[in-house]
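Just below is one structure, and these are the notes that go with it.
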Amino acid sequence: MIRVVIAELRKLRRPTLLLGTIATVGGLSALFTSIIFLMIDSEDGNSRRGESIGPEELSQATGLVYGFRLVGAFLGIVALCIFASQTAQEYSLGTLRNLLVRQPSRMKILAGKFISMKIFALVMVLFAGALSILISFALAGRAGVDTSAWTTSDAMELLFKSTLNIFIATLCFGTFGMILGLLLRSPISAIAVGVLWILILENILGALIKSTGKWLPGFNFSNLGEGGNPSLSYRHSVAVSLAYLIIGGAIAAVFFKRRDVAN
Amino acid sequence: MEKTAISASDLTKIYGERAALSHGNFVVPEGSICGFVGPNGSGKTTTIRMLLGLIAPTSGTATVLGESISHPEKYLPHVGAMIEGPAFYPALSGRENLKVLAELGGFPLSRVDQLLEKVDLADRGGSKFKTYSLGMKQRLGIAAALLPNPKLLILDEPTNGLDPSGIQEVRGIIKDLADSGTTVFVSSHILSELEMICEYLIMLREGRVIFSGRTQELLSGQKPIIVAKPEYDVDLTNLAKKLTDSGFNISIVDGSLHIEAAQEASATINRMAFETGITLASISVVLPTLEETFFEMTGDSK
């Protein structure tokens with residue numbers, strides 16, 4: 001399986017994908033973090049849904065990871081697209097037959113792909129986090145934010161927890177994309193269905209019938225990234241996310257293992 | 001008894017109500033070059049995919065290098081294959097594409113450059129696959145198939161898109177491999193190519209194996225044609241009448257008589273022409289080509 005991971009990493013580190021992803025997540029991280037600090041006095045707010053976050057709040061330990069947490073939700077969507085396209089393209093390009101001739105164990109191929117994409121997602125999350133923190137430090141003075149609490153052990157613990165939660169959420173979104181890629185076997189279809197579901201359909205469903213929100217995958221994946229919130233506990237989101245991913249993953253794995261490779 | 005590289009017994013694949021391959025029985029002797037021919041949709045690629053473990057047979061069995069196709073992991077490390085044209089990652093270079101497969105199969109990366117050299121792609125190994133011409137893509141596919149230094153090489157239409165010199169190179173590669181003991185199982189629609197290099201042939205039609213054996217056995221089973229050309233065109237009809245009256249089945253093609261008869265009949269025909277006062281400018285025995293035999297057996301028109 002290690003051979004599969006190494007081979008998959010070679011594909012993932014191609015400049016168009018790696019640099020493109022780094023540029024995208026770097027751009028998102030820089031944009032969201034900068035908005036928080038540069039628009040701190042804006043009447044239109046400087047956070048999600050027009051919320052205003054002032055210097056006092058940002059001067060606390062949580063201020064260190066505020067920008068990073070904000071960008072976390074978007075990292076999930078990026079991961080969904082990458083995992084879905086990297087899986088489905090093996091069918092659409094016809095390369096799956098080459099992979100299976102060189103590594104006949106389909107489960108090893110699947111596991112190797114998943115591990116390599118996990119590594120890719122980790123790099124993506126760490127880069128986005130590091131850039132957000134650098135920008136936060138760089139812009140804090142200008143925004144009148146005191147950073148002395150950002151270097152305490154509490155802040156470091158918070159940084160570790162946030163990174164872990166964002167990584168877990170990113171993996172959940174990515175795995176969701178991978179399942180769609182395996183089932184739909186077309187990168188465009190898998191990405192379209194995944195993004196439409198997460199960004200549009202879940203929001204419509206949640207708005208129409210509020211109680212559905214806590215049972216939808218996207219809401220729960222995002223909640224994991226935020227470390228839980230008062231209306232939706234972290235533990236609940238772990239259980240719901242696991243249920244979706246285990247059932248979906250099992251169905252996709254059975255299809256992948258048994259389906260004829262006829263293209 | 002000859003050792004077999006591939007052996008199929010009642011191998012069947014059914015999609016819905018259509019049998020892509022029905023009760024296929026054939027063997028490919030070890031160390032041979034075996035051609036796999038049949039019209040489009042006759043089941044060639046389905047058969048190759050079953051042999052490579054990519055699709056499961058509906059019924060029947062087969063062995064590859066002595067192992068059942070239900071355990072492809074036991075024989076695939078020794079098999080090189082190019083199926084239905086080359087499929088690679090467009091954004092990776094030819095070299096990177098081969099490295100992906102070398103890493104996956106656990107082959108030394110040093111083989112990649114050797115193979116790029118072998119298929120004449122060393123200069124373009126660093127270019128992205130999507131910039132390759134059809135012939136270059138095909139050559140990269142052959143290089144990928146050669147990665148494991150295979151005991152069995154399965155090639156599906158390897159000369160598609162190649163120019164004449166490319167075709168000659170592929171023919172040379174196949175012959176060299178066969179000389180070193182590799183079994184080559186090759187499907188192609190260029191039957192003259194297969195006739196030149198294949199000692200064995202398997203012919204398919206509508207999912208059924210209609211011939212499996214030595215190429216020579218197939219061709220020698222076909223009736224030869226004796227082509228006789230009189231010195232003067234005016235003698236053509238006289239000679240045709242004389243031969244028809246003697247019971248020969250003849251046709252006139254491009255100023256020559258084509259007579260369906262055994263090779264030994266050429267002396268009789270020459271004598272009959274002489275007795276009628278006709279001088280033959282030439283008389284020769286022509287064995288049917290593989291292409292002619294193929295069309296006759298499959299019932300397809302050219």
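The values are calculated or read from the model by the stated rules, or taken from the named source; none is laboratory data. Owing to the predicted nature of the structure, the values given are computational and were not obtained by experimental measurement. Quick reminder, even Gly has a Cβ in these numbers, built from the backbone with ideal geometry, and neighbours come from all protein chains shown.
Of the conditions (1) loosely packed, with under 15 Cβ neighbours inside 10 Å; (2) within 12 Å of chain A (Cβ to nearest Cβ); (3) assigned to a loop (DSSP other than H, G, I, E, B), B:PRO108 fails just one. Which one is it?
(2)
Mind telling me which of the residues B:ASP113, B:ASP120 ends up being at positive phi and away from chain A (no Cβ under 11 Å)?
The match here is B:ASP120.
So B:PRO150 clears everything in (1) within 18 Å of B:SER165 (Cα to Cα); (2) in a loop (DSSP other than H, G, I, E, B); (3) touching a residue at least 40 places away in the same chain (Cβ under 8 Å) except one condition, right? Which one?
Here B:PRO150 meets the rest and fails (1).
I'd like to check something: does the stretch A:243-254 contain any residue that is free of Cβ contacts under 8 Å to residues at least 40 places away in the same chain, more than 14 Å from every other protein chain (Cβ to nearest Cβ), in a helix (DSSP H, G or I) and small (Gly, Ala, Ser)?
Yes: the stretch A:243-254 contains one or more residues that are free of Cβ contacts under 8 Å to residues at least 40 places away in the same chain, more than 14 Å from every other protein chain (Cβ to nearest Cβ), in a helix (DSSP H, G or I) and small (Gly, Ala, Ser).
So is B:LEU116 under 25 Å from A:ARG106 (Cβ atoms) and either in contact with a Leu (Cβ under 9 Å, 6 or more places away or on another chain) or assigned to a loop (DSSP other than H, G, I, E, B) (or both) or not?
Values: under 25 Å from A:ARG106 (Cβ atoms): no; either in contact with a Leu (Cβ under 9 Å, 6 or more places away or on another chain) or assigned to a loop (DSSP other than H, G, I, E, B) (or both): yes.
No, not satisfied.
When the residues of the stretch A:125-150 are narrowed to those that are under 26 Å from the mean Cα position of the chain (by Cα) and hydroxyl-bearing (Ser, Thr, Tyr), which ends up nearest to A:GLY26 (Cα to Cα)?
A:SER132
Hey, A:LEU205 hits all of (1) under 29 Å from A:TYR66 (Cβ atoms); (2) crowded, with 22+ Cβ neighbours inside 10 Å but one; which does it fall short on?
(2)
Taking the stretch B:61-91 as the search range and keeping residues that are assigned to a loop (DSSP other than H, G, I, E, B) and in contact with a Phe, Trp or Tyr (Cβ under 6 Å, 6 or more places away or on another chain), which one is farthest from the other protein chains (Cβ to nearest Cβ)?
B:LEU65
Among the residues of the stretch A:218-242, which ones are surrounded by 13 or more Cβ atoms within 10 Å (Cβ to Cβ), among the small types (Gly, Ala, Ser) and assigned to a helix (DSSP H, G or I)?
Scanning the stretch A:218-242 gives A:GLY218, A:SER222, A:GLY225, A:SER237, A:SER241.
Restricting the stretch A:7-20 to residues that are crowded, with 16+ Cβ neighbours inside 10 Å and either within 7 Å of chain B (Cβ to nearest Cβ) or outside any helix (DSSP H, G or I) (or both), which is farthest from the chain's Cα centre (by Cα)?
A:ALA7
As an exercise: evaluate A:VAL145 against (1) away from every other protein chain (no Cβ under 14 Å); (2) part of a helix (DSSP H, G or I); (3) touching a Gly at 6+ places or on another chain (Cβ under 8 Å) and give the number of the one condition it does not meet.
It fails just one condition, (2).
State whether the residues of the stretch B:116-132 include one that is small (Gly, Ala, Ser), modelled with pLDDT of 85 or more, more than 20 Å from B:ARG49 (Cβ to Cβ) and surrounded by 19 or more Cβ atoms within 10 Å (Cβ to Cβ).
Within the stretch B:116-132 (the criterion being small (Gly, Ala, Ser), modelled with pLDDT of 85 or more, more than 20 Å from B:ARG49 (Cβ to Cβ) and surrounded by 19 or more Cβ atoms within 10 Å (Cβ to Cβ)), the answer is yes, since at least one residue qualifies.
Residues that are under 18 Å from the mean Cα position of the chain (by Cα) and in a loop (DSSP other than H, G, I, E, B): does the stretch B:42-55 have at least one?
Within the stretch B:42-55, one or more residues are under 18 Å from the mean Cα position of the chain (by Cα) and in a loop (DSSP other than H, G, I, E, B).
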